[in-house]
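The values are calculated or read from the model by the stated rules, or taken from the named source; none is laboratory data. Note that the coordinates shown come from a computational prediction; the quantities given were computed from them, not determined experimentally. Cβ: placed from backbone, ideal geometry, glycine included. Neighbour counts: every protein chain shown. Note: accessible area is taken over every heavy atom of the protein model, side chains too, but ligands, DNA and RNA are not part of it. Shrake-Rupley method; radii C 1.70, N 1.55, O 1.52, S 1.80 Å.
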Amino acid sequence: MTASTLNNHVIAVANLKGGVGKTTTVLNLAGFASQLGKRVLMVDTDPQASLTRVALPDDAPVTSLTDAFARRARTLDGVRCPSRFAGVDLVPSTLGLEAVIQTAIPWEGREYVLLDMLTPHLTEYDLILIDCRPGIDLSVTNALTGARWLLVPVECSFMALDGYEHVRALQQRLNQRINPELGVLGLLPTRYRSNTAHAQAALAEIQEQVAALHVPLHFAPIRLAVAAADAPAHGMTLADFAPASNIAQEYRRTAEQILHFLEATQ
């Protein structure tokens with residue numbers, strides 16, 4: 001089994017722009033993948049720790065990615081824990097990760113710290129989703145070094161496309177220097193409002209970008225819906241909170257599309 005096959009199911013979810021639905025996407029892909037019988041790990045590499053606040057049980061241990069990164073751990077043992085969602089494990093983050101990342105800048109091999117932690121556990125999961133911060137720093141570089149695929153949620157607005165371009169440029173640099181196997185899985189249009197001309201025009205632009213990239217997956221848009229914010233406020237994913245809602249069904253179809261692709265490319 002080659003390295004690219006071994007980590008084929010590791011997906012980094014990233015966009016330079018905030019508020020485009022990265023954490024929402026990670027939560028709901030994980031929730032529906034678990035419902036489909038898959039073993040799922042979510043990794044929070046964002047110092048803002050939004051994913052952690054939603055998914056970490058109240059009685060969970062406090063050891064986090066921050067602690068593991070600081071000591072350059074080579075395993076997730078003692079760091080990962082069961083999340084609030086059945087069948088989904090979590091590697092939590094904290095605000096302290098910001099300071100640790102700054103300390104790590106002079107380290108040799110600093111881009112591979114997360115990959116070293118993930119490697120012993122790759123065969124334990126069917127899907128590993130890495131939630132990235134809205135920016136480009138060593139935490140994002142670690143996420144893209146550890147991943148086989150880059151999934152880019154893009155809000156259906158032209159400003160969000162600018163954020164995608166910066167992440168795409170980083171991906172190309174990593175292809176040359178660190179992770180030649182990293183590919184763009186697709187652009188996921190999010191927060192779509194079909195009744196506005198701006199959103200329709202932005203979606204058309206996203207679809208043009210997808211066609212130019214020759215990415216393996218083309219995704220239907222995820223609409224803007226109150227349920228997407230209400231579910232994490234209740235510590236739930238859409239799979240449990242509002243499974244019959246339109247947005248839940250859109251995320252379910254997206255999860256099914258991704259899982260089918262990953263299984264076909266093992």
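Coordinate range of the alpha-carbon atoms in segment 122-266 per principal axis, descending: 43, 39, 30 Å.
Quarter the surface of the alpha carbon convex hull of the chain and you get the mean projected area, 13.0 square nanometres. Could you tell me the accessible area of residue 173 in Å² (1.4 Å probe, neighbours in place), rounded to the nearest ten? Using a 1.4 Å probe on the heavy atoms, I get roughly 120 Å². Shape verdict for segment 27-66, please, from the Cα gyration tensor: rounded (a/c under 1.5), prolate (a/b greater than b/c) or oblate. Prolate. To put it simply, the accessible area of the chain at a 1.4 Å probe is 52 percent carbon and sulfur. In segment 98-203, taking the dipole from charged Cβ atoms about the Cα centre, the farthest positive-side position among 127, 194, 176 is held by 194. The value for segment 189-238 of Rg(Cα) / (2.2 N^0.38 Å) is 1.40. Spread over its residues, the convex hull of the C-alpha atoms of segment 84-191 is 134 Å³ per residue.
Among rounded, prolate and oblate, which fits segment 1-97 when a ≥ b ≥ c are the square roots of the eigenvalues of its C-alpha gyration tensor, a/c under 1.5 means rounded, and a/b larger than b/c means prolate? The shape class here is rounded.
Entry note, the chain: relative contact order of 26 percent, from Cα contacts under 8 Å with a spacing of 6+ residues.
Computed over segment 50-114, relative contact order equals 37 percent, with contacts defined as Cα pairs under 8 Å that lie 6+ residues apart. Of all complete DSSP H helices in the chain, those with a Cα span along the helix axis of 15 Å or greater and a mean Kyte-Doolittle hydropathy of -1.0 or more are 22-35, 158-177, 197-213, 246-264.
Please work out the C-alpha center-to-center distance from segment 30-72 to segment 106-176 and express it in whole Å. Between the Cα centres of segment 30-72 and segment 106-176 lies a distance of 16 Å.
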